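See below for the structure under consideration.
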Amino acid sequence: LLMLITGASGLLGSTLLAQAALRGEDAVGVWHSNEVHGHGSVRATACDLTHPSRVVELVSRLKPTRVVHCASWTDVDACEGDPERAFILNAVVARTVAAAASRAGARLVHISTDAVFSGSQGGHVESDEPRPLSVYGRTKLAGELAVLDEAPSALVLRTAIYGWGPPWRRSLAEWVLARLGEGTPVPGFTDVFFTPILCNDLGTAIGDLLTNGREGLVHVAGADRVSKFDFARAVARAFDFDEDLVQAARSSDVDFSVARAGDLSLDTTLAENYGVAIPRVDAGLLRFRALMDGPFRTSLDALTSP
């Protein structure tokens, strides 16, 4: 049983590959611009997913039983500046991977985002109408639709993640920690809300949903709707830093080049009904700290070190 993970150089993809290595599972990570190495039971290979023939050849050669499509262009500002490239990377490639997985008879998991919503209200359920504010959100929504068109039995997950990333892809929590470690004040938006989940917990949820044969659109995120300010303070608490280093700020006072949604929190009732454990923020951050030193980080570093 082989799992193929696209976007293996990204935050979630590298986590999934490191988890597979720790479990001794057969997995192949696909990378493009940032090299990923094989480690233990997992392998890595370079592939430009924008070439459909290369994707077909890769899937035909490896014959995976599961494909987790994490690859995407997540730089919101850059996507806004180059919508054509964003559409190719976030929608066209998603269709290509879905078509190849479908032809190979592989189960497909497609990773999407909470940014498909406008953020005018929180607690979004799967049936809420998406109204993305950015090119990034619009192209990720197009990717969802393309995947379900090519592979109707695919599992499409909307989420909001943090975790330990490779050197070139640090998560929000890691950015907060770096500033706290330097004693530098951390601005935290009090008017931006989300439901963050640790990548490792999302990895566990993906395994459970695949085992149970679930398909369709599912929100898998954290149990708590928190502001970016409250999340940063929770990070400080979990790592025994001074919470007062986190200073209240408002996104409405910042001149962003792309409009930021106010409340992207996701309702995870459906995932819970499917038996997925939805973690609280403080519990997830305690696991995040526990993973800082140990086998997981060793595995991750072996995969992503230069």
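The values are calculated or read from the model by the stated rules, or taken from the named source; none is laboratory data. Keep in mind it's a predicted model, so treat the numbers as computed, not measured. Cβ: placed from backbone, ideal geometry, glycine included. Neighbour counts: every protein chain shown. Just the protein is used for accessible areas: all its heavy atoms, side chains included, with ligands, DNA and RNA removed. Shrake-Rupley method; radii C 1.70, N 1.55, O 1.52, S 1.80 Å.
Note on surface exposure: Lys63, Lys228 rank Lys63, Lys228 by accessible area, highest first, 1.4 Å probe. So what are the ³J(HN,Hα) numbers for the range 183-198, from phi and the Karplus equation (6.51, -1.76, 1.60; θ = phi - 60°), rounded to whole Hz, Gly and Pro as x? Once rounded to whole Hz, the list reads x, 8, x, 10, x, x, 6, 8, 10, 10, 10, 7, 10, x, 10, 5. Using a Gaussian network model of the chain in which every pair of alpha carbons under 10 angstrom is joined by a spring, one finds that among Glu25, Glu129, Glu182 the greatest mean-square fluctuation is at Glu182. Considering only beta bridges that DSSP places wholly inside the chain, some 10 percent are antiparallel.
Can I get the semi-axes of the range 1-120's equivalent ellipsoid? Compute them from the C-alpha gyration tensor as square roots of 5 times the eigenvalues, in angstrom, largest first. Numbers along the way, then the final one.
Working: eigenvalues 114, 53, 37 Å².
Output for the range 1-120: semi-axes of 24, 16, 14 Å.
Using the Karplus relation 6.51 cos²θ - 1.76 cosθ + 1.60 with θ = phi - 60°, the per-residue 3J(HN,Hα) values for the range 67-81 come to 10, 10, 9, 9, 4, 5, 9, 9, 6, 4, 5, 5, 4, 4, x Hz, with x marking Gly and Pro.
Between Asn212, Ala248, Phe229, the Cα set farthest toward the positive side of the dipole of the range 203-258 (charges on each charged residue's Cβ, about the Cα centre) is that of Asn212.
Heavy-atom accessible area, probed at 1.4 angstrom with all protein chains present, ranks Ile278, Ile5 as Ile278, Ile5, highest first. Put the Cα centre of the range 88-144 next to the Cα centre of the range 45-65 and the gap is 21 Å. Ordering Ala151, Ala178, Leu141 by the projection of their Cα atoms onto the charge dipole of the range 114-182, which places +1 on the Cβ of Lys and Arg and -1 on the Cβ of Asp and Glu, puts Ala178 at the extreme positive end. Sorted largest first, the principal axis extents computed over the alpha-carbon atoms of the range 170-297 equal 46, 38, 21 Å.
Taking 0.36 nm per residue of sequence separation and removing the Cα-Cα distance, the Glu182/Glu80 pair yields an extension gain of 33.5 nm. Could you give the length gained on full extension between His37 and Arg61, defined as 0.36 nm per residue of separation minus the Cα-Cα distance, in nm? Gain on stretching His37 to Arg61: 6.7 nm. For the residues Trp31, Trp168, a 1.4 Å probe over the protein chains yields an accessible-area ranking, largest first, of Trp168, Trp31.
Computed with a 1.4 Å probe on the full set of protein chains, the accessible area for Leu49 sits at about 20 Å². Here the Gaussian network model covers the chain, with springs between Cα atoms less than 10 Å apart; of Leu12, Leu217, Leu286, Leu286 fluctuates the most.
Compute the projected area of the convex hull of the Cα atoms of the chain, averaged over all viewing directions, and report it in nm² to one decimal place.
Values: hull surface 57.4 nm².
Averaged projected hull area, Cα only: 14.4 nm².
Computed from point charges on the beta carbon alone (+1 for Lys and Arg, -1 for Asp and Glu), the dipole magnitude for the range 177-272 about its Cα centre is near 160 Debye.
Dipole orientation for the chain: of the candidates Ser257, Leu58, Ala91, Leu58 has the Cα lying most toward the positive pole (charges on Cβ; Lys, Arg +1; Asp, Glu -1).
In Å², and per residue, what accessible area does the range 1-156 have when probed at 1.4 Å with the other protein chains present? Walk me through the numbers before you get to the answer.
Numbers: 6370 Å² over 156 residues.
With the other protein chains kept in place, the range 1-156 gives 41 Å² per residue.
Give, as ranges by residue number, the residues of the range 83-121 whose backbone N falls under 17 Å from the point 7 Å along Cα→Cβ of Thr50. Zone members listed by number: 83-97.
Applying the Karplus relation 6.51 cos²θ - 1.76 cosθ + 1.60 with θ = phi - 60° to the range 245-260 yields 3J(HN,Hα) values of 5, 7, 10, 5, 9, 10, 5, 5, 8, 9, 8, 6, 6, 10, 4, 9 Hz, where x marks Gly and Pro.
Contact order, relative form, for the chain: 21 percent (alpha carbon pairs under 8 Å, 6 or more residues apart, mean separation divided by residue count). Computed from point charges on the beta carbon alone (+1 for Lys and Arg, -1 for Asp and Glu), the dipole magnitude for the range 18-161 about its Cα centre is near 580 Debye. Were the residues from Gln247 through Asp26 laid out at 0.36 nm apart, the gain over their Cα-Cα distance would be 75.1 nm. Charging the Cβ of each Asp and Glu at -1 and of each Lys and Arg at +1, and nothing else, the dipole of the chain about its Cα centre rounds to 860 debye.
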